[in-house]
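So the structure is just underneath, and the comments pick up after that.
The values are calculated or read from the model by the stated rules, or taken from the named source; none is laboratory data. Being a predicted model, the structure only gives us computed values, none of them experimental. Cβ placement follows ideal geometry from the backbone for every residue including glycine, while neighbour counts extend to all protein chains displayed. SASA here: full protein model, heavy atoms, side chains in, ligands and nucleic acids out. Shrake-Rupley method; radii C 1.70, N 1.55, O 1.52, S 1.80 Å.
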Amino acid sequence: GEFGSGKTQICFTLSVLAQLPVEEGGYGGKVCVIDTEGTFLPERIKQIAEERELNSTEILNGVLVARAFNSEHQTILIKNLPQVVQENKVKLVIVDSMIGHFRGEYIGRGTRSDRQQKIGSCLSSLLRVAEAFNLAVVLTNQVQAKPDTNYGDPNKPTGGHVLAHACTHRVYL
(Lines give C-alpha, C1' and ligand atoms only; values in the text may rest on other atoms or scores of the structure.)
Protein backbone atom coordinates (compact mmCIF):
# COMPACT_ATOMS: atom_id res chain seq x y z
CA GLY A 1 0.00 0.00 0.00
CA GLU A 2 0.85 3.65 -0.33
CA PHE A 3 2.29 5.76 2.45
CA GLY A 4 -0.40 6.40 5.06
CA SER A 5 -2.68 3.56 3.93
CA GLY A 6 -2.58 1.81 7.32
CA LYS A 7 0.04 -0.92 6.86
CA THR A 8 1.84 -0.19 10.12
CA GLN A 9 -1.44 0.24 12.03
CA ILE A 10 -2.48 -3.24 10.92
CA CYS A 11 0.87 -4.54 12.19
CA PHE A 12 0.29 -2.85 15.56
CA THR A 13 -3.13 -4.49 15.84
CA LEU A 14 -1.72 -7.89 14.86
CA SER A 15 0.99 -7.45 17.51
CA VAL A 16 -1.76 -7.26 20.12
CA LEU A 17 -4.17 -9.86 18.75
CA ALA A 18 -1.51 -12.52 18.12
CA GLN A 19 -0.79 -12.66 21.84
CA LEU A 20 -4.35 -13.67 22.71
CA PRO A 21 -4.84 -17.32 23.62
CA VAL A 22 -5.68 -19.65 20.73
CA GLU A 23 -9.17 -20.14 22.22
CA GLU A 24 -9.75 -16.40 21.76
CA GLY A 25 -8.50 -16.29 18.17
CA GLY A 26 -4.86 -15.43 18.84
CA TYR A 27 -1.66 -17.40 18.47
CA GLY A 28 -0.86 -17.54 22.18
CA GLY A 29 2.71 -16.37 21.78
CA LYS A 30 4.99 -13.40 21.50
CA VAL A 31 5.54 -11.20 18.48
CA CYS A 32 8.85 -10.24 16.88
CA VAL A 33 8.85 -7.00 14.89
CA ILE A 34 11.67 -6.02 12.55
CA ASP A 35 11.16 -2.30 12.10
CA THR A 36 13.02 -0.99 9.06
CA GLU A 37 11.53 2.49 8.93
CA GLY A 38 11.55 3.59 12.58
CA THR A 39 7.77 3.60 12.78
CA PHE A 40 7.26 1.34 15.80
CA LEU A 41 5.31 3.21 18.51
CA PRO A 42 4.98 1.44 21.87
CA GLU A 43 2.28 3.94 22.87
CA ARG A 44 0.14 2.76 19.97
CA ILE A 45 0.45 -0.89 21.06
CA LYS A 46 -0.69 0.16 24.55
CA GLN A 47 -3.66 2.10 23.14
CA ILE A 48 -4.81 -0.85 21.05
CA ALA A 49 -4.44 -3.24 24.02
CA GLU A 50 -6.33 -0.90 26.37
CA GLU A 51 -9.11 -0.46 23.82
CA ARG A 52 -9.57 -4.24 23.94
CA GLU A 53 -9.40 -4.19 27.75
CA LEU A 54 -6.12 -6.12 27.81
CA ASN A 55 -3.18 -5.54 30.12
CA SER A 56 -1.19 -3.10 28.00
CA THR A 57 2.07 -3.64 29.91
CA GLU A 58 1.93 -7.41 29.41
CA ILE A 59 1.05 -6.99 25.75
CA LEU A 60 3.89 -4.54 25.17
CA ASN A 61 6.30 -6.89 26.96
CA GLY A 62 5.22 -9.57 24.49
CA VAL A 63 6.45 -7.55 21.51
CA LEU A 64 10.15 -7.94 20.71
CA VAL A 65 11.33 -5.09 18.49
CA ALA A 66 14.52 -4.87 16.46
CA ARG A 67 15.29 -1.77 14.42
CA ALA A 68 17.04 -2.56 11.12
CA PHE A 69 19.22 0.34 10.00
CA ASN A 70 20.13 -0.93 6.51
CA SER A 71 19.56 -3.95 4.27
CA GLU A 72 22.60 -5.80 5.63
CA HIS A 73 21.41 -5.31 9.21
CA GLN A 74 17.91 -6.43 8.19
CA THR A 75 19.40 -9.57 6.65
CA ILE A 76 21.34 -10.33 9.84
CA LEU A 77 18.22 -9.88 11.98
CA ILE A 78 16.27 -12.26 9.74
CA LYS A 79 19.08 -14.85 9.80
CA ASN A 80 19.07 -14.72 13.63
CA LEU A 81 15.32 -15.25 13.90
CA PRO A 82 15.44 -19.01 14.64
CA GLN A 83 17.26 -18.43 17.92
CA VAL A 84 15.01 -15.50 18.90
CA VAL A 85 11.85 -17.43 18.05
CA GLN A 86 12.91 -20.50 19.96
CA GLU A 87 14.08 -18.64 23.08
CA ASN A 88 11.00 -16.40 23.28
CA LYS A 89 8.10 -18.57 22.02
CA VAL A 90 7.39 -16.18 19.16
CA LYS A 91 4.28 -16.99 17.11
CA LEU A 92 4.22 -13.98 14.76
CA VAL A 93 7.06 -12.25 12.92
CA ILE A 94 6.41 -8.86 11.33
CA VAL A 95 8.78 -7.10 8.93
CA ASP A 96 7.65 -3.51 8.42
CA SER A 97 8.70 -2.86 5.61
CA MET A 98 10.41 -5.68 3.75
CA ILE A 99 11.54 -3.63 0.76
CA GLY A 100 12.37 -0.16 2.10
CA HIS A 101 16.12 -0.53 2.65
CA PHE A 102 16.68 -2.64 -0.47
CA ARG A 103 14.80 -0.14 -2.58
CA GLY A 104 16.86 2.77 -1.24
CA GLU A 105 20.27 1.07 -1.38
CA TYR A 106 20.07 -0.77 -4.71
CA ILE A 107 19.24 1.94 -7.21
CA GLY A 108 19.03 1.47 -10.95
CA ARG A 109 18.63 -1.49 -13.26
CA GLY A 110 22.27 -2.52 -12.86
CA THR A 111 21.72 -3.48 -9.22
CA ARG A 112 18.39 -5.25 -9.74
CA SER A 113 19.87 -8.76 -9.85
CA ASP A 114 21.84 -8.33 -6.61
CA ARG A 115 18.86 -6.74 -4.90
CA GLN A 116 16.46 -9.49 -5.95
CA GLN A 117 18.91 -12.20 -4.83
CA LYS A 118 19.30 -10.62 -1.39
CA ILE A 119 15.56 -10.12 -1.02
CA GLY A 120 15.03 -13.73 -2.13
CA SER A 121 17.51 -14.97 0.46
CA CYS A 122 15.70 -13.06 3.23
CA LEU A 123 12.33 -14.35 2.09
CA SER A 124 13.63 -17.94 2.01
CA SER A 125 14.89 -17.54 5.57
CA LEU A 126 11.54 -16.18 6.69
CA LEU A 127 9.71 -19.06 5.02
CA ARG A 128 11.98 -21.61 6.71
CA VAL A 129 11.37 -20.00 10.10
CA ALA A 130 7.61 -20.00 9.51
CA GLU A 131 7.60 -23.68 8.59
CA ALA A 132 10.10 -24.85 11.21
CA PHE A 133 8.39 -23.09 14.12
CA ASN A 134 4.77 -23.11 12.87
CA LEU A 135 4.39 -19.35 13.03
CA ALA A 136 2.97 -16.60 10.87
CA VAL A 137 5.03 -13.99 9.02
CA VAL A 138 3.57 -10.65 7.96
CA LEU A 139 5.47 -8.35 5.62
CA THR A 140 4.53 -4.85 4.63
CA ASN A 141 5.51 -3.61 1.23
CA GLN A 142 5.68 -0.30 -0.55
CA VAL A 143 4.24 0.56 -3.94
CA GLN A 144 5.74 2.47 -6.81
CA ALA A 145 3.88 4.64 -9.26
CA LYS A 146 3.94 3.71 -12.92
CA PRO A 147 3.23 7.09 -14.51
CA ASP A 148 2.61 5.71 -18.02
CA THR A 149 -0.56 3.93 -16.85
CA ASN A 150 -3.53 5.29 -18.80
CA TYR A 151 -6.28 3.51 -16.85
CA GLY A 152 -6.56 1.60 -13.62
CA ASP A 153 -4.33 1.94 -10.59
CA PRO A 154 -0.89 3.33 -11.50
CA ASN A 155 0.63 1.87 -8.31
CA LYS A 156 2.35 -1.51 -8.37
CA PRO A 157 3.89 -3.41 -5.43
CA THR A 158 7.67 -3.17 -5.24
CA GLY A 159 9.91 -6.20 -4.97
CA GLY A 160 9.03 -7.81 -8.27
CA HIS A 161 8.27 -11.48 -8.78
CA VAL A 162 10.61 -12.66 -6.02
CA LEU A 163 8.41 -11.01 -3.40
CA ALA A 164 5.15 -11.88 -5.12
CA HIS A 165 5.98 -15.59 -5.28
CA ALA A 166 7.08 -15.74 -1.64
CA CYS A 167 3.70 -14.59 -0.31
CA THR A 168 0.71 -16.83 0.32
CA HIS A 169 -1.75 -13.96 0.65
CA ARG A 170 -1.35 -10.37 -0.53
CA VAL A 171 -3.55 -7.52 0.59
CA TYR A 172 -3.41 -4.23 -1.27
CA LEU A 173 -4.38 -1.14 0.71
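Data table
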| item | result |
| --- | --- |
| Whole-Å distance, taken between Cα centres, linking region 10-62 and region 79-125 | 22 |
| Label-point separation, residue 37 to residue 169 (7 Å along Cα→Cβ), nm | 2.1 |
| Magnitude of the charge dipole, region 2-75, Cβ model with Lys/Arg +1 and Asp/Glu -1, debye to 20 | 140 |
| Percent carbon-and-sulfur accessible area, region 62-135, ignoring ligands, DNA and RNA, probe 1.4 Å | 50 |
| Percentage relative contact order, region 43-113, counting C-alpha pairs under 8 Å, at least six apart | 20 |
| About the Cα centre, charge dipole magnitude for the chain (Lys/Arg +1, Asp/Glu -1 at Cβ), debye | 620 |
| Inter-label distance for residue 47 and residue 107, nm, one decimal - labels placed 7 Å from Cα along Cα-to-Cβ | 3.4 |
| Angle between the chain longest axis and helix 112-133 axis [Cα atoms, degrees, rounded to 10] | 20 |
| Approximate spin-label separation residue 58-residue 76, in nm, with each point projected 7 Å along Cα-to-Cβ | 3.5 |
| Dipole-positive endmost among 104, 33, 47 within region 15-104 (Cβ charges, Cα centre) | 104 |
| Whole-number accessible area per residue in Å² for the chain, which is evaluated in the context of all protein chains at 1.4 Å | 58 |
| For region 20-173: relative contact order, % (alpha-carbon pairs under 8 angstrom, 6 or more apart) | 23 |
| Rg ratio (alpha-carbon, reference 2.2 N^0.38 Å) - the chain | 1.06 |
| Sum of side-chain charges, residue 79 neighbourhood, beta-carbon under 13 Å (Lys, Arg +1; Asp, Glu -1) | +1 |
| Overall form of region 44-91 per C-alpha gyration tensor (a/c, 1.5; a/b vs b/c) | oblate |
| Table column - 3J(HN,Hα) (Hz), region 12-23, Karplus curve with 6.51, -1.76, 1.60, x for Gly and Pro | 4, 5, 4, 4, 7, 5, 5, 7, 5, x, 4, 4 |
| Efficiency of FRET from Cβ geometry, residue 22 and residue 87, R₀ 22 Å, rounded to 0.05 | 0.60 |
